[in-house]
Amino acid sequence: MAADAIEQTATITDRVIAALGRHGEISDRRREIAKALIRHLHEFCREVNLQLPEFLATCDFLARAGKIS
């Protein structure tokens, strides 16, 4: 199968995971952690049918929580 055909059939989760390390070195351990986090977050979004405004509000909440902790 051609590389572009594989790319087209990949899920968004696969594409995000494949992008790890494209913009700088990433250790094997950091890659392992990031892959698990991406898989779990993407599954959560699918499970609750998360909509874009909800996602953005959640990102805002987490950013504000991070600043006060």
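The values are calculated or read from the model by the stated rules, or taken from the named source; none is laboratory data. These numbers were taken from a predicted model, which means no experiment stands behind them. Glycine also receives a Cβ, built like all others from the backbone with ideal geometry; neighbour counts cover every protein chain displayed. Areas reflect the complete protein model, heavy atoms only, side chains present, ligands, DNA and RNA absent. Shrake-Rupley method; radii C 1.70, N 1.55, O 1.52, S 1.80 Å.
Odds and ends about this structure:
- Computed in the context of the full set of protein chains, the accessible area of the chain at 1.4 Å probe radius has 60% of its extent on carbon or sulfur.
- Lys, Arg +1 and Asp, Glu -1 on Cβ, resulting dipole of the stretch 10-69 about Cα centre, debye, nearest 20: 180
- Choice from Ala34, Ala19, Ala57 with maximal GNM fluctuation in the chain (Cα, 10 Å cutoff): Ala57
- Over the chain: helical MRE at 222 nm, DSSP H runs n ≥ 4 each giving -39500 (n - 2.57), nearest 500: -23500 deg cm²/dmol
- For the pair Arg39 and Ser27 in one chain, pulling the backbone fully straight at 0.36 nm per residue adds 2.5 nm over the alpha carbon distance.
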